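Only one structure is covered here, and it is reproduced in the block below.
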Amino acid sequence: MTTAEVLLQDYDMEMGMTRRTLERVPEDKPDYKPHEKSMPMGKLARHVGTLPHFGTSILTTPSMDLTTAKWPEMTFSTRAKLLADFDELAAEARAALVASSDADLAAMWKFSFGDKVISDEPRSLSFRHMFFNHLIHHRAQLGVYLRLNDVPVPGLYGPSADEPFNK
């Protein structure tokens, strides 16, 4: 099995769970924040929904400097737009992963903010650490926002209070 084939197993599972979470984002509360320092729910949902773009960048570019990187629009408009953009970006990232050889994934990938190096690691590690873990972290935050707004939280890695295992 190639490295890309192993990563695709996780990728397909994580993208499916991410979509299930995004499907529940309420359209009428984009400005909701559980705390003054928190990101508004609409912006957090857009961040989660556009993170596959970051995965594609890791797989297709030699490096990324956050001072010059171009990102998808982060303004929440509708759930339908959120899901359409997520589906498109997730398909692009999946295609880039399918096209990645073991040598591609072993190559170093530098992530920086101007002169400050955030990481300089093999592309496969950057993909898992900077994209997968980042996505999972923010998706979990979004789950808390859903709970605080009485929106059913999907059971992702097991049951949730709203989706228990059937006995």
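Just so you know, all these numbers are worked out from the coordinates, no wet-lab data involved. Keep in mind that what you see is a predicted model, and the values were worked out from it rather than measured. Glycine also receives a Cβ, built like all others from the backbone with ideal geometry; neighbour counts cover every protein chain displayed.
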Measuring from label point to label point, each 7 Å out along Cα→Cβ, what is the Ala84 to Asp115 span in nm?
4.5 nm
Flagged as over-length at 25 Å C-alpha distance, from Lys29/Lys110; Lys81/Lys116; Lys29/Lys81; Lys70/Lys116, the pairs are Lys29/Lys110; Lys81/Lys116
For the pair Ser160 and Asp28, what calculated FRET efficiency results from E = 1/(1 + (r/R0)^6), where r is the Cβ-Cβ distance and R0 = 30 Å, to the nearest 0.05?
0.85
Please list the radius of gyration and Dmax for region 1-109, considering alpha-carbon atoms only, with Å as the unit.
15.4, 47
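Test of understanding: what is the full-extension gain from Asp10 to Glu36, defined as 0.36 nm times their sequence separation minus their Cα-Cα distance? Let's see the in-between values first.
On the way: separation 26, 0.36 × 26 = 9.36 nm, distance 3.39 nm.
The span from Asp10 to Glu36 would gain 6.0 nm if fully extended.
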P(r), alpha carbons of region 84-141 - 10 Å bins starting at zero, rounded %
21, 44, 33, 3
If every Lys and Arg gets +1 and every Asp and Glu gets -1 at its Cβ, then about the Cα centre region 3-86 yields a dipole, in debye to the nearest 20, of 300 debye
Using a Förster distance of 35 Å, how high is the FRET efficiency between Leu148 and Met1, based on the Cβ-Cβ distance and rounded to 0.05?
0.30
Lysines within cross-link reach of Lys33: Cα-Cα under 18 Å, excluding same-chain residues under 8 positions apart?
Lys43
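Using a Förster radius of 22 Å, what is the FRET efficiency between Met108 and Ser77 based on their Cβ-Cβ separation? Nearest 0.05, please. Let's see the in-between values first.
Details: r = 38 Å, r/R0 = 1.71.
Between Met108 and Ser77 the formula returns 0.05.
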Per the rule of 0.36 nm per residue minus the C-alpha distance, extending Thr60 to Arg19 adds in nm 12.4 nm
